[in-house]
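The values are calculated or read from the model by the stated rules, or taken from the named source; none is laboratory data. Treat the numbers as computed from the prediction; the structure is a model and nothing was measured. Cβ coordinates were reconstructed from backbone atoms using ideal geometry, including for glycine residues, and neighbour counts include every protein chain displayed. Note: accessible area is taken over every heavy atom of the protein model, side chains too, but ligands, DNA and RNA are not part of it. Shrake-Rupley method; radii C 1.70, N 1.55, O 1.52, S 1.80 Å.
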Amino acid sequence: MRLIVAGAGNAGLKVVQIIADSHDAGDREYEIAAVIDDSLEKGSEFYGYPVIGGMSDLDEVEESVGQLDT
C-alpha cells in the first residue's frame, strides 16, 4: 500500500518511524510515496522521503503518486 504522509509534525514523524521500523523487520506492506506539508520546501526531503507539495496540493499530489489507499 502506497501512503502519502500529510504533515511533518509529530504525527507525521511517528508514521515515518513506524514504517521505517516495519521495513527493518522485513514487513514491506506499506510504502511511503511522498510527504506533503506547508512548512517544508517542495523538493526537499523529510527523513529521506520526498516533499512534493503542501496541503493545498493534495489532489494534484494524489494524482501524480497514484490512487491514495485509505
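Starting from the residue with the highest accessible area, list Val15, Val51 in decreasing order, probe 1.4 Å. Before the final figure, lay out the partial values.
On the way: Val15 60, Val51 5 Å².
Of Val15, Val51, the descending order of accessible area is Val15, Val51.
Of the accessible area of the chain, computed with a 1.4 Å probe over protein heavy atoms only, carbon and sulfur atoms account for 47 percent. Only DSSP H runs of four or more residues enter the estimate; each adds -39500 (n - 2.57), and after division by the residues of the chain the mean residue ellipticity at 222 nm equals -10000 deg cm²/dmol. Here the Debye sum runs over all C-alpha atoms of the chain as equal scatterers in vacuum, and log10 of I(q)/I(0) at q = 0.12, 0.13, 0.21, 0.26 Å⁻¹ comes out as -0.28, -0.33, -0.85, -1.22. When you filter the GluC sites (Glu not before Pro) in region 12-69 for DSSP loop state and at most 10 other Cβ atoms inside 10 Å of their Cβ, you are left with Glu29, Glu41.
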